[in-house]
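Reading through the structure tokens given below for one structure.
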Amino acid sequence: MKQFKKLSENLQERIQIKIDELATEPRPDKVKKLKDRENAYRIKVSAYRILYKIQDDILLITVIKIGHRQDVYKDES
């Protein structure tokens, strides 16, 4: 939520729509599976990325990270 709230209101709305759509279609067109991460995917919203995991066995989608494409893939060490 911290990452999400730092974004502009317009961008929050656009990202929220994409997240809501994951409830009906967890693997939409243009989704990309992330390498080296089990069940992890990403979708684009302009220059921002939404990283999320899918747990099919319990029908759960967890948003891992939201951020600008330059920073979102960096590990938080």
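Taken together, the values in this text are just the output of simple stated rules run on the coordinates, not laboratory data. Just so it is clear, the structure is predicted and the values come from calculations on it, not from any experiment. A quick note on method: Cβ atoms are made from the backbone with ideal geometry, for glycine too, and the neighbour counts reach across all protein chains shown.
Some observations on this one:
- Residue list for the stretch 27-77, restricted to those being among the β-branched types (V, I, T) and touching a residue at least 40 places away in the same chain (Cβ under 8 Å): V63, I66
- Looking only at the stretch 1-26, and only at residues there that are free of Cβ contacts under 8 Å to residues at least 12 places away in the same chain, closer than 25 Å to K74 by Cβ and not in a helix (DSSP H, G or I), the one that is nearest to the chain's Cα centre (by Cα): M1
- Hits in the stretch 1-26 - residues which are exposed (fewer than 10 other Cβ atoms within 10 Å of the Cβ) and among the hydrophobic types (A, V, I, L, M, F, W, C): M1, A23
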